[in-house]
Structures are given as structure tokens and as C-alpha cells.
Amino acid sequence: MGDLITKYRTCPLCEATCGLEVSVEMSPSGPRVTRIRGDRDDVFSHGYICPKGSTLKQLHDDPDRLRRPLVKRNGEHVEVEWAEAWDEIAGRLTDIIDQYGRESIATYLGNPGAHNLAPMMYNRSLLQALGTKRRFSASTVDQMPKQVAAGYMFGTPVSVPVPDLDHTDYVFMLGANPYASNGSLCTAPDFPGRLEALRARGGRLVVVDPRRSRTVEAADEWVAIRPGTDAHLLMAIVNVLFADDLVAIDERLAPHLAGDHEIREASAAFTPERVSEVTGVSPSTIRRLAHELAEAPTAVVYGRIGTTTTEFGTTASWLVDVVNTLTGNLDRRGGAMFTAPVIGNPTTRGKAGSGSGFRIGRGGGRTVVSGHPEVMGEYPVAALAEEIEEAGDQRIRALVTVAGNPVLSTPHSDRLAGALASLDFMVSVDIYLNETTRHADVILPPPSQLQRDHYDVALYGFAIRNVANYSEAVLPLDGDQPDEWEILLKLALIAQGFGPDADVFAADDANIDGLVRHSVADPSSLIHGRDADEIRALLDAKGRRGPARLLDFMLQTGPYGAAFGTNANGASLDLLLANPHGVDYGALQPRLPDALRTRSGRIELAPDELLADVVRLEASIDELAARELVLVGRRHLRSNNSWMHNIEVLVKGKPRCTLHVHPDDAQRLGVRDGHPARVESRVGQLDAVVEITEDIRPGVVSLPHGWGHGVAGTRLRVAAERAGVNSNVLTDDQALDPLSGTSVLNGIPVTVVPI
Ligand SMILES: Nc1nc2c(c(=O)[nH]1)N[C@H]1C(S)=C(S)[C@@H](COP(=O)(O)OP(=O)(O)OC[C@H]3O[C@@H](n4cnc5c(=O)[nH]c(N)nc54)[C@H](O)[C@@H]3O)O[C@H]1N2
Ligand SMILES: Nc1nc2c(c(=O)[nH]1)N[C@H]1C(S)=C(S)[C@@H](COP(=O)(O)OP(=O)(O)OC[C@H]3O[C@@H](n4cnc5c(=O)[nH]c(N)nc54)[C@H](O)[C@@H]3O)O[C@H]1N2
Ligand code: SF4
Ligand SMILES: [Mo]
């Protein structure tokens, strides 16, 4: 047996950012991971880990994980050398650009890219190099509504307040199940433990969910709402806050607030009686909840995927923070607060207190077929298939995916699969040959999760403490395997016409040079007025390139930054390397009005775009109330969207891809436990095994997403044995939250019949 060494790294699998302690045996045949457990000294997670964290080893070892590029030859994927893959892309992508222009290319960026340093730093270069407006991502099947609402209210799409979980007295949670998901847009390792601590200190947890989730089981109260009606419920709470004189806007914030009269008027029609039937929540419960929220010493409303992926996703997300504001809980300890991320973000840069605000439809960009506006530089992924199939000579002919599996993750997925099959060319940067990448002409595999360095660029921006933690790669790269950032930058250079032999290192130098020059010219930067060449020399003296050098630069120029020598103990990559368990910059602090970037310099409680949607909200009441049976999703702790089903230890045991049905519905519909039933929606149908359970409200059925493996042409041997069914065959590509372009994935009208 060789020497054992211990390495520490942050788990990149979900938003919780748990610290892992990885034991590595240094044997003559190369290093080998022997054990992964929670890092007890991690400043944020203190040893907490879920069953997925330790499977980074199985993921690395998975024989199905791609280690060489694949190119499709005569319909079959064959392994090739890297040089051959690059040649193939250079030839075919350039042809398409020459023949049809850059707008004939689309991109789809998936969720794991948000947990991965290389895509976080280099996807932007790739998008810029491709030069197409036809950008799509998992954001429009996820959190976009929260970003749009935050943009309108506070000025930037990253101005999303997070619940100050560790200090609050009352959590009102809608459409989130952190006992399974470990939290989202609220980075909090051991979210369950933090909720238990809330209750242990005498606080209260109320969960609004059509299902009795694991989080509901741990809560003081379950509000079994009808799907898709959270915005109605929240509007009625706003109504009660005004009617019962409970509004208590924080004195400090009052001078910086706009729109309180407008929101009062907008809520007038939404009495508890008016929304009771559609929400399934009694008027007395709504009144009591409003009083509890207003009267708790501190309280916070938190809404997540069950509120965002609905017809009123943006409106519901807006109302979450309206209630937080009206109850005096915005930007105060124990309420909803703004992170000040260590690498900075648009709320820490530029002029304090106001900015250019947030808009959609910038540059007049719209999709060709349905005219959906641009939102945050992209279009609704629900429109991807029609833009491929129906846009005539403006149709999308080529697609580049990075860390995405839209065939399982986005609505009306049968249609999307067909559309992908019709493309002239497709490239995927991905670790598996799966339901999406099987359509790719070239698949470029990045190294495994253990073979790369890590810093959670995205999710530390929504953390409940200001923390920083950098992990070096645990295992070296195999042979001539390029790092993921090199893959992305090479793709970018090829798209710019520099050919398959373009020098990624030179491009990376040019990239950092641009950032340094921009920063020394920015009056709000810590290094304003410094000599750019001096800064470059200080950065390069560390011998780092790629993401690590960029990260060092961001850390040093962020709000706690070392600023290249002027702030002795400030943040830098060296500081993080010296602190492998992370550095904690403390609990969140009030940041308003400075963090505002609205044009008015105010908290916009009633932005025009959202006020305008209140008409639609009221008009929806009768139609929503008339829906007989609707489908919602759910998550399981041992699964991760669509892509961790090839890990035996995670998928073994009872099948999880079942249709939950309430006993009353089961009787009415004539379906039996353990037997298949046919589920049908406007766009598709599937057969799923029924699981009868009291843990769901009548009128609602639930099926998890991300299943439906075993498709021909994929290489996922374990997943194929427990294939499950793809719930997104049922979700409707025409059903969108119009304000954000986000798909409706919850509250889908369906019929269920026995087979
Ligand atoms: N019905 C329904 N649909 C949903 C949801 C729902 O609740 N209900 N949830 C939605 C949400 S929140 C999300 S985020 C989306 C997710 O949608 P996607 O991001 O499209 O899908 P994932 O399942 O995350 O697939 C990730 C892909 O990345 C690959 N991958 C994993 N790690 C890496 C890596 O390090 N590098 C690269 N290059 N590739 C990697 C995997 O092999 C896989 O192909 O699904 C959405 N779809
Ligand atoms: N284990 C595991 N962890 C994950 C993931 C995973 O797939 N597996 N995915 C990660 C990703 S990408 C994300 S975005 C996060 C998501 O994290 P969460 O938002 O916590 O997601 P879910 O666990 O799906 O919880 C959503 C809840 O909303 C409920 N719901 C459905 N419709 C409605 C509705 O109309 N109103 C209300 N109030 N509730 C509704 C569902 O029953 C479900 O319990 O999780 C992340 N973490
Ligand atoms: S909770 Fe998330 S970050 Fe923590 S170990 Fe599990 S998957 Fe990794
Ligand atoms: Mo997500």
C-alpha cells in the first residue's frame, strides 16, 4: 500500500457547497481515491455531506464516463484523438458559419456548468466567439423568474435576497424541498440542520407545497396549496397586511422605497375569500399566516422551483420579496438579505445605490417563430425546438451544448429530440453519451470532477454567509486530456476562425489582460489607477493560468480583496490555498441602499412590468380553479437532475420514478398501487408505475424529472437498467411564464387512466 494523503475540496454537485475530505493513496500505478467524507473543519459545512458527495469517486471511476472525444461516423459514435475531433469541428462549424451565418448556430448551457469553475469563467468567451443571439440554457427551466423579479426590484439579476436562515425566527417556504435538494438560491450546507436549529431555538417553519415532502415532515405546518397558485396566495397575504394594518416597513429603508401605494391597490381584489378556492387555502389560514409573518420578531419568505416554474413564476418571486419588505424583513438580520460575494458581483461594483436597472428584450432580440423577447441574454429553451424546425431560412442548423441534457430536462422533450436529430451539426461538451449528446456529431469530454480545481463562482453569490473556498484538483489529468477551460476556449477560437491549432494559452493571456486594463480604469475598482502591467506581472509571477489566474484576480479585486499588495490580509488565491477549509467572512450584513442598482436608486416595490401582470393573475383564477388533475415534479436526495443515474450506489433500491397519486384520486381514476397508468397531457403521454400515497393533495399527481434512460445510442449501462420515464414528455413547450420565458413544469393539466 502506498502513502495516504488527504485533500480537501468543495463538492460541486449541488448548491450546498459542502466541504469534502478526500483520502488519496499514492500508489506506484498512480494516485487513487480511497475514501470521501465530510470535512469537519470546513468553515461552512462543518462535516455535513449527503449521499451524493462521496460518489465523486464512483463518478470518476465510472467506465461509461467519456475519456476520449467521440465523433459520429455512419451513425455510430467512435473514439478519436483530440486532434481529429478539433479538425472535424473546425471544418464543419466554419462551413455552417460561411454558408448560413452565425445566427444559424445555437447554444445550450446546462446546470453543472454553474457548479464548475471552467464554464463559469469561459462560457462567456465561447458565447462571444460564436457571436449568435440564439442562446438557451437551463435557466429558463429553473430560476430565471427570481432573477427577473430581483432585477426589476433591486436593479440586477443577481440581486436575489437569500433567507438569513441561521438568525431568523420564522421561515415561510414555498415550493422548495431542501431536505431533498439541499437548497437552491440559498447556499447553505446542511440546510436541514439549519431548519432544525430554527425550530430548536423556538422558531417556526411553515411549508407551502402540494406534497407532504420531507421538508414538510420536519415543519410546524403544511399548507397544501394547489399547484401554480403561490402568486395568488402571496397577493392575498399582501392584501391582509394592508387591510389589517400590519405593514411595518423598516425605517431605514422607507426613504428608499417606491411603489407601496401601487402594491396596496394591486392587492385590493385579492382578498383571502377571493383566492381561497383557487389556492385551496382557507381564508382564516391566509389571515393567520399574514399575521404570523408580520408579528414574528423576524421572518423570511423563501420561494423556489415550485414557485418559479409556473405560469406566474416571476410574479410569485416578486411577491415573495414584497412580503419580505412589507413585514420589515428585507435586508435585516433574520430576514431576506443580500450576499456580498468575495469575488464581487454587480451589486458590489460601480456606483453605490443606483445603476442602469434591469430590462428584457434588449437589442430588440426576439425568437423568430414565437417572438419571445431576450431575457438576460438568452431565449426560452422551450422555444429551441421550434427555432430549429419552424424558422424557415432563419432556422437553427447547428447547436453547441455545454453540460446540458435538454432532452430530459426541458418541456415537450420528444419534440426536441426530433429537432436535434434534424440538425446539420451538433457539438457537446459533456462527460456522458446520453439522451442529448447521442445527437451530437462530436462530443468533447472534460476531465472528471476530481481532476479539476474548483471555486463556486456562482453559488457563493447566493450564500447565507460570505465565504470563500478554493480546491485544487485531487487527481491529475489523464494523458493528453485537456482541461475543460482549454476545451471551451479552443471551441471559441475555432468559432472565431483561428482553426484547430489555435493557441488557447495566448488567448487566455489576452483575456486576462483585457480584464486587468478594464479594472484599473474603473473608478470603483480597488486597483483603480494602478499600472496594468504591474498587476499583470504580479498575477503572472504566481505561474497560474486559466481559471485559477482569473479567480485570483477576482478575489484580489473583490470587496475583501488583497488588491495586489495594498490590503495585507485581503482575499487572494494564496490566502485560500493557505486555508483549505475555506475562509469565512461572516454572516450577511445589511447592504441597502448601497447594493441597489435600480435607475431610481429605490427599491421598486411595484415595477410596471409586474404590476401589469396582476391583471393576468386575477383573470387566471377561474381557469386554474377548474383544473381537475395536475402534475408536479419532485426531487430525491439520491438523484441529481438527469445525470447521476449511472452511479449504482445512488440508484439501487426501490424504483423512484413513480407516479404519486392520492388514495381518493386512485379510487376515482381506478388506478392501482404498483401498476402502470397512462398519463396524458396536451403534448404527450407516458406510462408510469403508480405509487398511492397520502403525501400529496388530491387533484395532484407527481413524477420526478430527469428519467427516461435506456434510449438507443446512449452509453449509460447502470441508468438503462432503471430507466424510468421522462416526465418532460408531458410538459408543454407552449406554457411559459411570459415575464421570464421560463417553462411551466409544475401544475400541468393531465389525465390519468389505468392500463
Ligand atoms: N419537469 C421538470 N423538468 C426540470 C426540472 C423540474 O423540476 N421538473 N428542473 C429543471 C432544473 S432546476 C434544471 S437546473 C434543469 C437541468 O437541466 P440540464 O442542465 O439540461 O440537465 P442536467 O440533468 O443537469 O444535465 C447535465 C448534463 O451535464 C453533464 N455533465 C455533468 N457534469 C459535467 C461537467 O463537469 N462538465 C460537462 N461539460 N458536463 C457535465 C451530464 O452528463 C449531463 O449531460 O432541469 C430542469 N428540468
Ligand atoms: N438531490 C437533489 N438535489 C438537487 C437537485 C436534484 O435533482 N436532486 N437539483 C438541484 C437543482 S438544479 C435545483 S434548481 C434545486 C431545486 O431545489 P428545490 O426548489 O428545493 O426543488 P425540489 O426539491 O424539486 O422542491 C420543489 C417542491 O415544490 C413543490 N411544488 C410543485 N409545484 C408547486 C407549486 O405550484 N407550489 C408550491 N408551493 N410548491 C410546488 C414540489 O412538490 C416540491 O416539493 O435542487 C438542486 N438540488
Ligand atoms: S449536499 Fe450537495 S454539496 Fe453537499 S455533499 Fe450533497 S451533493 Fe455535495
Ligand atoms: Mo436547477
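Observations on the structure shown:
- In a DSSP loop and with at most 14 other Cβ atoms within 10 Å, the trypsin sites (Lys or Arg not before Pro) in region 127-231 are Arg201.
- Value of [θ]222 nm, deg cm²/dmol, for the chain, DSSP H segments ≥ 4, -39500 (n - 2.57) each, nearest 500: -9000 deg cm²/dmol
- Packing here is the average count of other Cβ atoms within 10 Å per residue, and on that basis the peptides 670-683, 721-734, highest first, run 721-734, 670-683.
- For region 339-427, the relative contact order comes to 20 percent (Cα pairs under 8 Å, sequence separation of at least 6).
- Alpha-carbon centroids, region 145-201 and region 43-62: separation in whole Å: 22
- In the chain, the DSSP beta bridges split such that about 55 percent are antiparallel, to the nearest 5.
- For the pair Glu694 and Asp61, a Förster radius of 35 Å applied to the C-beta separation gives a FRET efficiency near 0.30, rounded to the nearest 0.05.
- DSSP-defined beta bridges in region 627-754 - what % are antiparallel, rounded to 5: 70
- For the chain, the relative contact order works out to 20 percent when only alpha carbon pairs closer than 8 Å and six or more residues apart are counted.
- Likely footprinting exposure, Leu205, Leu4, Leu493, Leu384, fewest C-beta neighbours within 10 Å first: Leu4, Leu205, Leu493, Leu384
- The string of couplings for region 384-400 from the Karplus curve (6.51, -1.76, 1.60, θ = phi - 60°) is 4, 4, 5, 6, 7, 9, 10, 8, x, 7, 9, 6, 6, 10, 9, 9, 10 Hz, one whole number per residue in order, with x for Gly and Pro.
- Pairwise centroid distance, computed over Cα atoms, of region 671-720 with region 506-541, Å: 53
- Region 627-754, relative contact order in percent, only Cα pairs under 8 angstrom and at least six apart counted: 35
- Which listed pairs, of Lys146/Lys351; Lys57/Lys542; Lys146/Lys654; Lys133/Lys490; Lys52/Lys654; Lys57/Lys654, have C-alpha distances above 26 Å, in listed order: Lys57/Lys542; Lys146/Lys654
- Under 5 Å between amide hydrogens, built in the peptide plane, is the criterion, and for Val701 it picks out Val630, Leu631, Val632 among residues at least 5 positions away or on other chains.
- Ordering of 233-240, 257-264, 157-164 by packing [mean C-beta count within 10 Å, highest first]: 233-240, 157-164, 257-264
- Applying 1/(1 + (r/R0)^6) with r as the Cβ-Cβ distance of Asp513 and Asp574 and R0 = 25 angstrom yields a FRET efficiency of 0.75.
Read-outs: derived from the displayed coordinates by stated rules, not from any lab. All values derive from a computational prediction rather than experimental measurement. All Cβ positions, glycine included, derive from the backbone under ideal geometry; neighbour counts span all protein chains shown.
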